[in-house]
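Below is the structure I would like to discuss, written out as C-alpha cells.
The values are calculated or read from the model by the stated rules, or taken from the named source; none is laboratory data. Here the structure is a predicted model, which is why all the values come from computation and not from measurement. When we count neighbours, we look across all protein chains shown, and the Cβ atoms used for this are built from the backbone with ideal geometry, even at glycine. Side chains are part of the model used for accessible areas, which takes the heavy atoms of the whole protein and leaves out ligands, DNA and RNA. Shrake-Rupley method; radii C 1.70, N 1.55, O 1.52, S 1.80 Å.
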Amino acid sequence: RVIWMNGVQSVLTNLTITGGATSGWDRGGGIVMYDGVISHCMISNNVATGNNARGAGINILGGTLTHSIVAKNKSTTYGAGIYVGEYGYKTLPKPVLIDRCLVYGNKCTDGGGGAGIATYSSNDKGSKFIIRHCTIANNTSPSCAGLYIWSIGTCEAIESCIIADNVQTVDSTAAGKPNWAINGATATPKFKNCLFGNGSGTVGSAPVSGNASFKSLAADNYHL
C-alpha cells in the first residue's frame with residue numbers, strides 16, 4: 001500500500017494517493033487508516049486483488065475522510081473505493097466520518113458489493129460510521145454497486161447524500177439496488193435528505209425524489 005495511518009494527530013492533506021496494491025486479507029491498497037484526518041486528497045487507481053480483497057482505495061477503521069475524491073479503484077470483492085471494516089472489536093471514541101466526498105468510477109470485479117462504499121461488521125461490533133454530503137455515483141459491481149451496509153447497527157447516519165447512477169452487472173435490482181443495499185433490510189430511517197436515482201426508491205426521512213441529472217457521467221462531470 002501507499003499509506004498506513006494510525007494516530008489521532010495524523011493528518012494527510014492535498015495529496016494524490018495512487019498506484020497502491022494489496023491482496024487477500026491485507027486490505028487497503030491506497031490507504032489503511034485507524035485514526036486521524038484525511039482531507040482534500042485524490043485516492044485513485046489503487047487495487048486489491050484475490051479472495052477477501054477489500055478497500056482498494058482506502059480501508060478506514062477510524063478517523064475522518066473529508067473533502068476528497070475516491071475514484072477508479074478496483075477490488076475483487078467489497079468496497080473498491082472505501083471499505084469501513086472492523087476495528088478488532090474495540091469501542092472507538094467516535095464514529096468514522098466520511099464527509100463531503102465524491103466517490104465515483106470504482107469497480108468490484110468478482111463478487112460482493114458496494115463498489116463505492118462498503119461497510120462490514122459481524123454482530124454490530126465493527127466501526128460505527130456517518131456518511132454526510134457525499135456523492136456516490138457511476139461505480140460498478142456484480143451486486144449493489146453504490147453503498148452496501150452489512151449491519152445497520154453500525155450506521156449512525158447517512159445524510160444529504162446523492163447515491164445514483166451506479167451500475168450493477170449481475171444481481172437483481174430489489175430493495176434499493178443498484179444504488180444501495182442493507183443486509184437483511186429493505187429500508188432504514190437512518191437515511192436523511194438523500195437522493196437515490198435509477199428508481200431505487202425514496203427512503204428514510206425527507207427523501208429527495210427524481211434522478212441526479214449529472215452533467216456528464218462519460219466525462220466524469222458530477223456537477224448537477
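Return the sequence-ordered ³J(HN,Hα) values of segment 23-39 in whole Hz as given by the Karplus equation 6.51 cos²θ - 1.76 cosθ + 1.60 applied to θ = phi - 60°, using x for Gly and Pro.
Each residue's phi maps through the Karplus curve to give 9, x, 6, 7, 8, x, x, x, 9, 10, 10, 9, 6, x, 9, 10, 9 Hz.
If amide hydrogens are placed 1.01 Å from N in the peptide plane, which non-local residues have theirs closer than 5 Å to the one on residue 16?
Excluding prolines and chain starts, which carry no amide H, the hits are 42.
Have a look at 57, 19, 113 and tell me which one the Gaussian network model of the chain (Cα, springs below 10 Å) gives the largest fluctuation.
Maximum fluctuation in the GNM of the chain, among the listed residues, is at 19.
Using 0.36 nm per residue, how much length does the chain from residue 133 to residue 52 gain when fully extended, once their Cα-Cα distance is taken away? Could you put the intermediate results ahead of the total?
Values: separation 81, 0.36 × 81 = 29.16 nm, distance 2.92 nm.
Value of the extension gain: 26.2 nm.
Tell me, Kirkwood radius of segment 1-129 from alpha-carbon pair distances, in Å?
On the way: mean 1/r = 0.0730 Å⁻¹.
Roughly 13.7 Å, rounded to one decimal.
Most fluctuating residue of 32, 170, 96 in a GNM of the chain with Cα springs under 10 Å: which is it?
Comparing 32, 170, 96 in a Gaussian network model of the chain, the most mobile one is 170.
Using θ = phi - 60° and the Karplus relation 6.51 cos²θ - 1.76 cosθ + 1.60, list the HN-Hα couplings for segment 187-200 in order, rounded to whole Hz, with x at every Gly or Pro.
6, 8, x, 6, 6, 9, 6, 10, 10, 10, x, 6, x, 7
Any idea what diffusion coefficient segment 62-115 gets from Stokes-Einstein, in µm²/s, Kirkwood Rh on alpha carbon pairs, 4 °C, 1.567 mPa s?
Details: Rh = 12.2 Å.
The estimated diffusion coefficient comes to 106 µm²/s.
Further question on the same structure: Once you've got the GNM for the chain with C-alpha springs shorter than 10 Å, pick whichever of 192, 74, 128 has the biggest mean-square fluctuation.
192
Ignoring chymotrypsin sites (Phe, Trp or Tyr not before Pro) that are buried or in helix or strand per DSSP, and keeping those with at most 15 other beta carbon atoms within 10 Å, what is the longest stretch of the chain between them? Before the final figure, lay out each step's value.
Details: sites that count: 25, 89.
In short, 90-224.
Something else about it: For a bin width of 10 Å, list the pair-distance distribution of segment 83-169 built from all Cα-Cα distances, rounded to whole %.
Answer for segment 83-169: a P(r) of 20, 48, 30, 3 percent.
Which value, in Å², gives the accessible area per residue of the chain when a 1.4 Å probe is used on the protein heavy atoms? Each step should come with its number before you reach the end.
Values: 9140 Å² over 224 residues.
Spelled out: the 1.4 Å probe surface of the chain, per residue, equals 41 Å².
Identify which of the listed values of P(r) over Cα pairs in 5 Å bins from 0, in percent was calculated from the structure shown: [x] 1, 7, 15, 19, 20, 17, 11, 6, 3, 1, 0, 0; [y] 1, 8, 17, 22, 23, 17, 8, 3, 0; [z] 1, 6, 11, 12, 10, 8, 7, 7, 7, 6, 6, 5, 4, 3, 2, 2, 1, 1, 1, 1, 0, 0.
Looking at P(r) over Cα pairs in 5 Å bins from 0, in percent for this model, the match is [y].
For the chain, give the percent of accessible area contributed by carbon and sulfur heavy atoms, probe 1.4 Å, rounded to a whole number.
Numbers: 4550 of 9140 Å².
Ligands and nucleic acids excluded, carbon and sulfur give 50 percent.
Related question: Tell me, what ³J(HN,Hα) does each residue in segment 171-178 have, in order and in whole Hz, if you take phi through Karplus 6.51 cos²θ - 1.76 cosθ + 1.60 with θ = phi - 60° and put x for Gly and Pro?
Those phi angles translate into 5, 6, 9, 6, 6, x, 5, x Hz.
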